[in-house]
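Down below is the structure, laid out as structure tokens.
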Amino acid sequence: MIRDFEFYHGLVFARILHGTQRPLSLRPFQSVSNASYVVNDTVGIYIKHSAKRMTPWRFTFMKEHQDEIDLLKLNLAKVFLVLVCGDDGVLCLSFSELKQLLDSQHDPIEWISATRHKREMYSVKGSNGELDFKIGQSEFPVKLFAD
């Protein structure tokens, strides 16, 4: 049986592979979860998914999830949060964008919500703020490899 996270993480890996058209390495980040990965030994990604079919998509962050993302950032120069929004698309947030939504004070449970209407980009807000700009689907995976 295919577990949900395997299905959604596979989508992320396929998009990275086909979107870059260059050799790359991918390995799990040493952690207790199955959500953190290292790309090309320099880029950290933390993947969350929502199986919900329609907007808005809500993602729950336990304190441990945020601690793990911070640990990725301590070990790697570039870290991204990748949110799979059902079968709608993939949203990629840089570490600094993430910190606008969930600050450095990690509460026991926090959230991020992504909304997208037909032919629009994603609006994103979280427990501690919201982005004042929208994020396009085309930013992933290009954002991972931009300088």
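Taken together, the residues in the range 51-68 that are crowded, with 23+ Cβ neighbours inside 10 Å and among the aliphatic types (A, V, I, L, M) amount to 0. When we screen K48, K73 for residues that are surrounded by 13 or more Cβ atoms within 10 Å (Cβ to Cβ), among the basic types (K, R) and under 22 Å from Y122 (Cβ atoms), the only hit is K48. When the range 76-119 is limited to residues that are assigned to a strand (DSSP E or B) and of a type in the set (S, T, N, Q), the one that is nearest to H49 (Cα to Cα) turns out to be S113. For the range 1-35, the candidate set comprises residues that are open to solvent by 50 Å² or more (accessible area, probe 1.4 Å) and aromatic (F, W, Y); within that set, the residue that is farthest from L74 (Cα to Cα) is F7. Can you tell me which residue in the range 36-45 is surrounded by the most Cβ atoms within 10 Å (Cβ to Cβ), limited to those that are under 12 Å from the mean Cα position of the chain (by Cα) and under 13 Å from F13 (Cβ atoms)? Once the filter is applied, the top-ranked residue is I45.
The C-beta contact set for the range 52-67 (first residue free of Cβ contacts under 8 Å to residues at least 60 places away in the same chain and farther than 16 Å from S36 by Cα, second residue open to solvent by 40 Å² or more (accessible area, probe 1.4 Å) and not hydroxyl-bearing (S, T, Y), distance under 6 angstrom, 6+ apart or interchain) comprises R58/W111. Residues that are surrounded by 15 or more Cβ atoms within 10 Å (Cβ to Cβ) and aliphatic (A, V, I, L, M) within the range 103-147 comprise I112, A114, M121, V124, L131, I135, L144, listed in sequence order.
The values are calculated or read from the model by the stated rules, or taken from the named source; none is laboratory data. All values reported here derive from a predicted model rather than from experimental measurement. In this analysis, Cβ positions are derived from the backbone assuming ideal geometry, glycine residues included, and neighbour counts consider all displayed protein chains. Note: areas computed on protein heavy atoms with side chains; ligands, DNA, RNA excluded. Shrake-Rupley method; radii C 1.70, N 1.55, O 1.52, S 1.80 Å.
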